[in-house]
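Working notes, structure below.
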Amino acid sequence: MNAPTYAPIRTTSVDQMGLEARADELGSRSIKTSSKRAALHLAVRCIDLTTLEGADTPGKVASLCRKATRPDATNPGIPPVAAVCVYPEMVAHAASAVAGTGVAVASVAGAFPSGLSDLDVRTDDIRCAVADGADEIDIVLNRSAFLSGDLSTVHDEVAASKEACGDAHLKVILETGELGGYEPVRRASMLAMAAGADFIKTSTGKIPKAATPAMALCMAEAIREYAHQTGRAVGFKAAGGIRTSKQAWHYLVLMGETLGPEWLTPDRFRLGASSLLNDILLQLGRLDSGRYGGPDYVTLD
Amino acid sequence: MGGHLPVNKTFKLFIGGAFPRSESGHTFQLRSDDGRLLANAARASRKDLREAVRAARSAQAGWAGRTAYNRGQVLYRVAEMLDARRDEFVAVLRDGGRSDESARNEVEQAVDRWVWYAGWADKVHQVLGTVNPVAGPFFNFTYPEPTGVVVQAVPDDPPLLGLASRLAPAIVTGNTSVVLAGEAAALVAMSLAEVLTTSDVPGGVVNILTGDRAGLLPWALGHLDVNAVDLSGAPADLPDEALADAAENVKRLVHGDATAASPSVIAQFLEMKTVWHPIGR
Amino acid sequence: MADPKSDDPTPEFGLDYAPAPESTAVVSLADEYGLFIGGEFVEPRSGRTFDTINPATEERLATVAEGDADDVDRAVAAARTAFEDHWSDTPGSVRARYLYRIARQLQERSREFAVLETMDGGKPIRESRDVDLPLVAAHFFHHAGWADKLEYAFPNRDVAPHGVVGQIVPWNFPLLMAAWKLAPALACGNTVVLKPAETTPLTALLLAEVLRDVDLPPGVVNIVTGAGETGAALVEHRDIDKLAFTGSTGVGKQIQRSAAVRRLPLTLELGGKAANVVFEDAAIDQAVEGVINGIYFNQGHVCCAGSRLLVQESITDDFVERLKARMTRLRVGDPLDKNTDVGAINSAEQLARITALVESGVAEGAVLHQAPCDLPPKGFWFTPSVFTGVQQSQRIAREEIFGPVLAVQTFRTPEEAVEKANNSPYGLSAGVWTEKGSKILWMAERLRAGVIWTNSFNEFDAASPFGGYKESGFGREGGLQGLGAYVRDAEGQA
């Protein structure tokens, strides 16, 4: 097993009121127009363009990959996204579609979105996805074990998943909406990082309680704490319900203010989203043309 | 007197639960309305005041730290002991020139006043405190706390009821008091000291200085470890400079009626503390 | 994983928020302001005026009348007439309507007031917009509701207004402090002579316009601008029935001296040197934010500022390191910029006072750390600062600095924290940071201060009483307890 060596991790309490007040405050930062383009480009570069539907087909994935590598066919200046995020069954299709473009393939795995199957089944799921060409694996934390207090199982499963990933990067989804508040999210964050997660991620997008800026702040503070204690930088991925440029901007500010500008790269920050990209394209279009656009002027992929 | 000479008392001061002589060594005579010598009393000096404030300060946290229920019982005990010595106080008041009826009346009212304030001990918070509906995720509440050490220039008249009406509302919430009794009220005040010392009132909670009230008040007003001064019995000709000196530590100046009975009087010796606590998970 | 940095054509993006100035076009300033007496702006009898400047630019904003004793006398007379003629007989329900109207007008014009407050005083627009103005409107709205319910506020008492109330407010929250004073006074049926601070008179004068617009009867509120001499004339005036003052403890003591002799009802809200106590079991990240907010809110021009950080020794190094890291993210500069965290120091005089105290801290051996930031070339500025290695005996641990300067001390046990926190002549506020509920209440019970913020700091509300113990003053503002300062027992009552 390839678990990282670590000193016992200290964790701290989280106060809801103070956390939410700070997250709100960071939502009111204004950005100058000249920085706006850079911010929107950065947001694009950090997107995990996602399709996680039972109805996904190779055709749908091909279309998504095209969008990922060339978000705006009319404007080559717009950078590609960080990755496409798909189910394991779609990984091979995605891998061939984005080959050579710099866009990575991320796959959910490990009995996503519940994670409630035998650990061997889950690690096999991961190994298959990696074998098919996935660069990044998104798994869910075992909330069942976490909520029943079996923290060592949670830890060991993440460590086993990390081992199954091989060279692929591991993102651990906490599914924050199911953990019961900021305090357990902070603990779960520390646990996932200590077990070897390369990224910690808010949500699956499969339950109504999606990512919130305050939850992101809570996790960013945990990442800061972990880096402070161990020297290892772990990335953060917000997912679920992120649809507007304004939301993306809020997350960027939150990361930059909490973790510093060195976290403002796709290596350490991701936005899991599908419709967000089009909203950003509309905003960029407005910056270029000076007029407001409309949904007919971006492609629905 | 049947050949029996009365044994006159020599009253000392009441400081920290003990009865020391004045460090000044000065005394004055207390005489009845018709000129009989009743007792000698100590004329407190400013150094006695200093000692009394020190005793009051060191007793304050402990007294305030008692439960309200307990303080209520202690005050009620004062009423019991006063009531038990009713005849003695009637005699003292009659020596001051009062009719028997008037004296009995006053003693009864004084007992009532102690009983009444005893009952306030565990109700003040509910009447004067609040829970405040602030516009945010907070549990926010305001409750009274004792001001601390109070110096009280108590009224000369009526001596026993006036003393009860000022002292009881000051100490019931956990303040400690230094009572400055003028010559006219000295005998009553020192007799009350004997009641207090047998009533479970912890030493230092009430301290009584007799003698030159007008001379001691400026020292009290200027004392930086005194939180409030009750001027209800202060002489009208108190020098402006003495009053102004209270500002040196932003002292609370309390004006009041000699015999009023109201939670408003209790409130004059209180601070309001507001606590904000966030509501969250 | 793809390397996103290679051959990336887009410009590097940092957190360069940038000038996002609030437009000043919303404010229409007159060039000169008279005194607001008897419902109109009048020339001062003194014949004197002074300029009020923008402390961020040192540019003149307007010229304002400086009232003298004669002017104060005229204002008190107007207030007396209004009280005797009609206001004392005006039903509470009608007084309530005026207060509601004022609240609504302030909400509608809040942008204008916020911008003007920031221009005249130097505070960040984020604060004047998000804190001051909402609280101002809330204060009038809250007290409006009391005006016709006084018999329920003071059961078993027959209360009456004092009459004419003199009110003196400071420069750190100019309009908010005016609201804290005016709203309960009017709700209880008093008339007022208000003196705004010398460096920040403009929002009070704009408020005068609002009072006129809502048809508040002439003389109910009179506003006399000026400096110390004007304030002294108001304090000394023989036809004032009650005084309320917010400001420095030094001036407060002078006022108490005067009022004590006259046995004049008085409330004082004075200085502070609040301890912000952080235990090792606190929610550390929120505690860091709370400490930052506690001291740098409004440039530390806050009487209840958490200017003494008491941190448990076991976490001191770690906590101070986090604090310093957080300080690097403070944005100091143009107060009108919506991204600014720390604005301009209110006046050259205050800047000199802060500078002198900080120099004393260095001279006494404390270690000074300052946030890395560029200060604008014009205007009055002070870099957010932290002193470590502070001893209880040093001036920076005892005296109110009233600026963005934090003194860090340590403690070992809760008992020691209480002892150090209370070891001050002040007692306005205190903060406690721990996740242990029973310890919070244990601390709250022992801290000798009028406002205790637990796991929070610098929160205010119209319904929440505010005011101090000891040399921080007496009387409360806000809530039921604050209302009580503006009534007396009616004649013949106990």
Checklist entry - Taking the condition more than 21 Å from residue B:152 (Cα to Cα), part of a helix (DSSP H, G or I) and at pLDDT 95 or above, does residue B:51 pass? => result no
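Does region B:54-78 hold any residues that are aliphatic (A, V, I, L, M), touching a residue at least 12 places away in the same chain (Cβ under 8 Å) and either open to solvent by 20 Å² or more (accessible area, probe 1.4 Å) or over 9 Å from residue B:205 (Cα atoms) (or both), and which are they?
Pass one, region B:54-78, residues aliphatic (A, V, I, L, M): B:55-56, B:59, B:61, B:64, B:68, B:74-75, B:78.
Next, from what is left, pick out any that are touching a residue at least 12 places away in the same chain (Cβ under 8 Å): B:55-56, B:59, B:64, B:68, B:74-75, B:78.
Within region B:54-78, B:64, B:68, B:74, B:75, B:78 meet the criteria.
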Item to check | helices (runs of 4 or more DSSP H) lying entirely in region B:80-150 (those with 1 or more residues that are more than 14 Å from every other protein chain (Cβ to nearest Cβ)) | outcome: B:86-95, B:100-120
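Report whether or not residue B:46 is open to solvent by 70 Å² or more (accessible area, probe 1.4 Å), over 26 Å from residue B:95 (Cβ atoms) and touching a Phe, Trp or Tyr at 6+ places or on another chain (Cβ under 9 Å).
Numbers: open to solvent by 70 Å² or more (accessible area, probe 1.4 Å): yes; over 26 Å from residue B:95 (Cβ atoms): yes; touching a Phe, Trp or Tyr at 6+ places or on another chain (Cβ under 9 Å): yes.
When the stated conditions are applied, residue B:46 passes them.
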Checklist entry - Any residue in region C:52-63 that is closer than 30 Å to residue C:239 by Cα, open to solvent by 60 Å² or more (accessible area, probe 1.4 Å) and not assigned by TED's automatic domain parsing to the domain that holds residue C:336? => result no
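Name the residue that is modelled with the lowest pLDDT, counting only residues in region A:5-28 that are among the polar types (S, T, N, Q) and open to solvent by less than 50 Å² (accessible area, probe 1.4 Å).
Narrowing region A:5-28 to residues among the polar types (S, T, N, Q): A:5, A:11-13, A:16, A:28.
Still in the list and also open to solvent by less than 50 Å² (accessible area, probe 1.4 Å): A:12-13, A:16, A:28.
Numbers: A:12: 87, A:13: 91, A:16: 93, A:28: 83.
Once the filter is applied, the top-ranked residue is A:28.
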Checklist entry - Which of the residues belonging to region B:89-116 are crowded, with 19+ Cβ neighbours inside 10 Å, among the charged types (D, E, K, R) and in contact with a Lys or Arg (Cβ under 8 Å, 6 or more places away or on another chain)? => result B:95, B:106
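May I ask you to verify whether residue C:280 is away from every other protein chain (no Cβ under 14 Å), more than 20 Å from residue C:371 (Cβ to Cβ) and not hydrophobic (A, V, I, L, M, F, W, C)?
Values: away from every other protein chain (no Cβ under 14 Å): no; more than 20 Å from residue C:371 (Cβ to Cβ): yes; not hydrophobic (A, V, I, L, M, F, W, C): yes.
When the stated conditions are applied, residue C:280 does not pass them.
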Next on the checklist: Please go through region C:109-127 and give me each residue that is part of a loop (DSSP other than H, G, I, E, B), at negative phi and open to solvent by less than 30 Å² (accessible area, probe 1.4 Å), ordered by number.
Outcome noted: C:123, C:124
Next on the checklist: Against the condition away from chain B (no Cβ under 14 Å), of a type outside the set (Ser, Thr, Tyr) and surrounded by fewer than 22 Cβ atoms within 10 Å (Cβ to Cβ), how does residue C:216 come out, does it pass?
Outcome noted: yes
Checklist entry - Which members of region C:219-254 meet the condition of being touching a residue at least 24 places away in the same chain (Cβ under 8 Å) and of a type in the set (A, V, I, L, M, F, W, C)? => result C:220, C:221, C:223, C:224, C:227, C:233, C:234, C:235, C:240, C:243, C:244, C:245
Next on the checklist: Can you confirm whether residue B:119 is open to solvent by less than 60 Å² (accessible area, probe 1.4 Å) and either over 17 Å from the mean Cα position of the chain (by Cα) or free of Cβ contacts under 8 Å to residues at least 60 places away in the same chain (or both)?
Outcome noted: yes
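Only one residue in A:144, A:203 is open to solvent by 10 Å² or more (accessible area, probe 1.4 Å), farther than 24 Å from residue B:279 by Cβ, modelled with pLDDT of 95 or more and of a type in the set (Ser, Thr, Tyr), so which one is that? Steps first, answer last, please.
Details: A:203 fails: open to solvent by 10 Å² or more (accessible area, probe 1.4 Å).
Residue meeting the stated conditions: A:144.
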Checklist outcome for this item: Inside region B:13-34, the number of residues satisfying the requirement of being assigned to a loop (DSSP other than H, G, I, E, B), more than 16 Å from residue B:216 (Cβ to Cβ) and of a type in the set (S, T, N, Q) is 1
Checklist entry - residue B:211 fails exactly one of the following numbered conditions: (1) touching a strand residue (DSSP E or B) at 6+ places or on another chain (Cβ under 6 Å); (2) more than 14 Å from chain A (Cβ to nearest Cβ). What is the number of that condition? => result (1)
Checklist outcome for this item: (1) under 28 Å from residue B:118 (Cα atoms); (2) away from every other protein chain (no Cβ under 14 Å); (3) at pLDDT 95 or above all hold for residue B:186 apart from (3)
Next on the checklist: Please count how many residues of region C:471-489 are part of a helix (DSSP H, G or I) and more than 7 Å from chain B (Cβ to nearest Cβ).
Outcome noted: 6
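Being over 30 Å from residue C:311 (Cα atoms), of a type outside the set (S, T, N, Q) and buried (at least 24 other Cβ atoms within 10 Å of the Cβ), is that true of even one residue in region C:273-284? So that I can check it myself, show each step before the final result.
Residues of region C:273-284 over 30 Å from residue C:311 (Cα atoms): none.
Checked region C:273-284: no residue is over 30 Å from residue C:311 (Cα atoms), of a type outside the set (S, T, N, Q) and buried (at least 24 other Cβ atoms within 10 Å of the Cβ).
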Item to check | Sole residue being open to solvent by 10 Å² or more (accessible area, probe 1.4 Å), farther than 26 Å from residue B:161 by Cβ and within 9 Å of another protein chain (Cβ to nearest Cβ), chosen from B:245, B:257, B:225 | outcome: B:245
Next on the checklist: Here are the criteria: (1) within 14 Å of chain B (Cβ to nearest Cβ); (2) open to solvent by less than 40 Å² (accessible area, probe 1.4 Å). Tell me which single one residue A:106 does not satisfy.
Outcome noted: (1)
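Can you list the strands (runs of 3 or more DSSP E) lying wholly within region C:360-470 that have 1 or more residues being among the hydroxyl-bearing types (Ser, Thr, Tyr) and within 14 Å of chain B (Cβ to nearest Cβ)?
Numbers: elements: C:367-370, C:385-388, C:405-411, C:429-433, C:451-454.
By residue number, C:429-433, C:451-454.
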Checklist outcome for this item: By residue number, the members of region C:293-318 that are within 29 Å of residue C:334 (Cβ to Cβ), hydrophobic (A, V, I, L, M, F, W, C) and open to solvent by less than 10 Å² (accessible area, probe 1.4 Å) are C:295, C:302, C:304, C:305, C:309
Item to check | Answer residue from region A:29-64, given it is more than 10 Å from every other protein chain (Cβ to nearest Cβ), in a loop (DSSP other than H, G, I, E, B) and not polar (S, T, N, Q) and is surrounded by the most Cβ atoms within 10 Å (Cβ to Cβ) among those | outcome: A:52
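One line per residue, one yes/no per condition, for (1) over 16 Å from residue C:486 (Cα atoms); (2) without any contact (Cβ under 8 Å) to a residue 24 or more places away in the chain; (3) surrounded by fewer than 24 Cβ atoms within 10 Å (Cβ to Cβ):
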{"position": "C:129", "(1), (2), (3)": "yes, no, yes"}
{"position": "C:132", "(1), (2), (3)": "yes, no, no"}
{"position": "C:136", "(1), (2), (3)": "yes, no, no"}
{"position": "C:147", "(1), (2), (3)": "no, no, no"}
{"position": "C:151", "(1), (2), (3)": "no, yes, yes"}
{"position": "C:157", "(1), (2), (3)": "no, no, yes"}
{"position": "C:167", "(1), (2), (3)": "no, no, no"}
{"position": "C:179", "(1), (2), (3)": "no, no, no"}
{"position": "C:186", "(1), (2), (3)": "no, no, no"}
Next on the checklist: I'm told residue A:79 meets every condition in (1) more than 12 Å from every other protein chain (Cβ to nearest Cβ); (2) part of a loop (DSSP other than H, G, I, E, B); (3) touching a helix residue (DSSP H, G or I) at 6+ places or on another chain (Cβ under 6 Å); (4) surrounded by 19 or more Cβ atoms within 10 Å (Cβ to Cβ) except one. Can you identify the failing condition by its number?
Outcome noted: (1)
Checklist outcome for this item: In region B:268-281, residues that are more than 7 Å from every other protein chain (Cβ to nearest Cβ) and either open to solvent by less than 40 Å² (accessible area, probe 1.4 Å) or assigned to a strand (DSSP E or B) (or both) total 2
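The values are calculated or read from the model by the stated rules, or taken from the named source; none is laboratory data. Remember, it's a predicted structure, so these values are computed and weren't measured experimentally. Glycine gets a Cβ as well: all are built from the backbone with ideal geometry, and neighbour counts include every protein chain shown. Remember, those area values only see protein heavy atoms, side chains included, never the ligands or the DNA or RNA. Shrake-Rupley method; radii C 1.70, N 1.55, O 1.52, S 1.80 Å.
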